[in-house]
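Structure first, then comments.
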Amino acid sequence: MVQETLHVIQKRWPKVAKRLENEKPTRDVHLVQVGDELSLRVNGLLIGSAYNRVHEARLQASLVPALAEEATVYGIGLGDLPRALLERPCIRKLQVVCLSLALLRTVFEHFDQSDWLKDPRVELLLPDMSTISFPMAAVPSELSMVSSEAEALKDRVLLELDTPYIRERHFDQSGEIAQRIQSNAGRVARDGDAASFFGRWKGQRVFVAAAGPTLEQTSQMLAVHHRGEPVVVVDAGLKPLLAAGVTPNLVISIDDKREGVLSFFLGVDLEALRAVPLVYFPRLHPDVIDLWEGPKLVAYAEHSHYQEIEARYPRARLFSSGSVIHPAVDLAVKAGAAEIVLMGTDFSFPGNRFRAGAHLLQEERVRHFVSNGYGQAVGTMPNFRGYLRDLETYISCHPEVRFYNSSRDGAAIAGTEFWEFAR
Amino acid sequence: MIQFENEQLLLQDCVRCFRLGMEGMAGDRFAKYIDVLQERLAGLAPGILVRLTPVLSEILLAQQRRDFIWVADLMEYRLRPLVYD
């Protein structure tokens, strides 16, 4: 069974076969039988339904539109998902991306896979691509055991699968956000435009500070090596930055939660920041906007929430995909930065801390991981990983800007180089 | 009756999300379903409760170790018939 399957792969995809030859099957493997159905448990995780694998695979395949001619499958599992899609006569090409060679090698030992691998419509791929293809479906159990080379791809697949939920959460069901934006219309009319900063820092190096735990250390290093370059900081990063003695050129705030955002400014001498503009999305609570003593500049995210007010008061549009770091970086890019040095963009819990200045987390509560700048696993949350991958996609779309990351303790960010302050 | 059907729809939706790899939505539906199930438990016959308890424990353990396909199997094929059939 193993030899026949390997022979098919050798013949059709020699590059994949070569990698598989060096792969050892996983040891922690148990066959699971419930009634007539047979499945596999690997490293404690069930790979396919132990009750009805075909039913499960057809459900997973339902993410691909019924009339699609091409599709991509992330993960192979027991081979049921590729089989379910190949049942469709309209499928002309099926890309199957193996996310774990160890799992594939293990599956070969117990289940014949040569049937679907022989199908001429199938193209078997290694996970060496950085973007995902559509339409797509995935084998969820394999997403939990990917090889390190497939980690970023896995995060993108999970992010894509979670998109309906993210939309559901951001959908303004109660109309509260629309009402908030409406109630801020007077402030939007009165306040300036964040676009006034577009082109202002042409060719310069700009420091963009998020509020990750490493900001405490890197802001102190910036204080020592700062040569007057512009600094943009997100609201939650303001206190650590000021504590290090660095005054930012811009503060940016986009969150609608009143108490959370107010706490970022609590105890800050706002009068001393009278010359520093606050860039805000008008979903921000009016108490936060009114608290700021310096100039206020409005920007919008590309979201239907802002359509109406944007028609009345056109203002800067900034990239936003859930995290305030996205518009902060986009503003620096649109200001004309040639180099952007990211600080505190950890998207993880280095030193088991959630944020600069925050308390230690209980380690047992951390169930998700991402690779840091040393290639080691560091605890994170699924939404942080989503923000990270969206930032990486953004960076890949801006080859005109050189991006640096000032810490290796947080998540590794593709498309950045390491920034040494004492260079 | 409507409450009964809504619970089953919530369970089905939760199972569907786990099988599709929609982790965020599955976690949300799972938490909501466990809440409504706690209310339902009070009305179940003692014999059913005895059979349900180990299933629930296994579901929670599987959920903690992120064995989501097994969570879906247990909910769909073991818990649902006990509570609703």
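A short reminder: the numbers here are calculations on the coordinates, not readings from a lab. These figures come from a predicted structure and were not determined experimentally. Note that we place each Cβ from the backbone using ideal geometry, even for glycine, and neighbour counts take in every protein chain shown.
In whole angstrom, how far apart do the alpha carbon centroids of segment A:177-205 and segment B:12-76 sit?
46
Amide H to amide H, which residues 5 or more places from A:Lys296 or on other chains are under 5 Å from it, using H placed in the peptide plane?
It is A:Gly192, A:Leu278, by chain and number.
Please give the Cα centre distance for segment A:3-65 versus segment A:116-136, rounded to the nearest Å.
15
Got a sec to turn the phi values of segment A:134-146 into Karplus ³J(HN,Hα) couplings, 6.51 cos²θ - 1.76 cosθ + 1.60 with θ = phi - 60°, whole Hz, x for Gly and Pro?
10, x, 9, 9, 9, 9, x, 4, 5, 5, 8, 9, 6
Please identify, among B:Val55, B:Val15, B:Val36, the residue showing maximal mean-square fluctuation in a Gaussian network model of chain B using a 10 angstrom Cα cutoff.
The residue with the greatest mean-square fluctuation here is B:Val36.
From the Cα trace of segment A:177-418, what convex hull volume per residue do you get, rounded to a whole Å³?
Cα convex hull per residue, to the nearest whole number: 121 Å³.
Between segment A:237-253 and segment A:283-342, what's the alpha-carbon centroid distance in Å?
If we compute the Cα centre of each part, the gap is 17 Å.
Other chains' Cβ within 10 Å of B:64-76 residues: what's the mean?
Going residue by residue through B:64-76 and averaging, the value is 6.
Just to be sure I understand: with springs between alpha-carbon atoms less than 10 Å apart, which residue in A:Pro282, A:Pro240, A:Pro14 has the highest mean-square fluctuation in the Gaussian network model of chain A?
With Cα springs under 10 Å in chain A, the top fluctuation among A:Pro282, A:Pro240, A:Pro14 is at A:Pro14.
Scale the Cα Rg of the protein assembly as shown by the rule-of-thumb value 2.2 N^0.38 Å and send over the ratio, two decimals.
Dividing the Cα Rg of the protein assembly as shown by 2.2 N^0.38 Å gives 1.09.
Positive end of the charge dipole of segment B:5-47 (Lys, Arg +1 and Asp, Glu -1 on Cβ, about the Cα centre): tell me which of B:Gln8, B:Ala42, B:Gly21 has its Cα farthest that way.
Going by the charge dipole, the pick is B:Gly21.
So in chain A, what percent of DSSP beta bridges are antiparallel if you round to the nearest 5?
Once the DSSP bridges in chain A are tallied, antiparallel ones form about 25 percent.
Measure up A:Lys257/B:Lys32; A:Lys24/A:Lys154; A:Lys154/B:Lys32; A:Lys334/B:Lys32; A:Lys15/A:Lys154 against 31 Å on the Cα-Cα distance and list the ones that go over.
Correct reply: A:Lys334/B:Lys32.
So, counting K/R as plus one and D/E as minus one, what does the shell of residues with Cβ under 10 Å around A:Ala356 add up to?
So the surrounding residues net to +1.
Of A:Ser183, A:Pro164, A:Pro248, which is farthest towards the positive pole of segment A:148-262's charge dipole, taken about the Cα centre with +1 and -1 on the beta-carbons of Lys, Arg and Asp, Glu respectively?
Checked the options; the winner is A:Pro248.
Could you pull out the longest piece of chain A with no exposed loop chymotrypsin sites (Phe, Trp or Tyr not before Pro) in it, calling a site exposed if DSSP puts it outside H, G, I, E, B and it has at most 12 other Cβ atoms within 10 Å?
My reading of the result: A:172-373 is the longest stretch.
Using the Karplus curve 6.51 cos²θ - 1.76 cosθ + 1.60 with θ = phi - 60°, work out ³J(HN,Hα) for each residue of segment A:26-35 in order, rounded to whole Hz, and write x for Gly and Pro.
In residue order, the calculated couplings are 5, 8, 7, 10, 9, 6, 10, 10, 10, x Hz.
Would you kindly state the longest site-free stretch of chain A, with sites defined as GluC sites (Glu not before Pro) in a DSSP loop (not H, G, I, E, B) surrounded by at most 13 other Cβ atoms within 10 Å?
It runs A:88-301.
Just counting partner chain Cβ atoms within 10 Å, what average do the residues of peptide A:47-58 show around their Cβ?
3
Given H placed 1.01 Å from N in the peptide plane, which residues other than close sequence neighbours of A:Asp255 have an amide H under 5 Å from its amide H?
none
Select from A:Pro399, A:Pro314, A:Pro277 the residue whose mean-square fluctuation is largest in a Gaussian network model of chain A (Cα-Cα springs shorter than 10 Å).
So, out of A:Pro399, A:Pro314, A:Pro277, the one fluctuating most is A:Pro399.
Using amide H atoms built 1.01 Å from N in the peptide plane, name the residues 5+ places from A:Leu46, or on other chains, whose amide H lies under 5 Å from its own.
B:Ile69, B:Trp70
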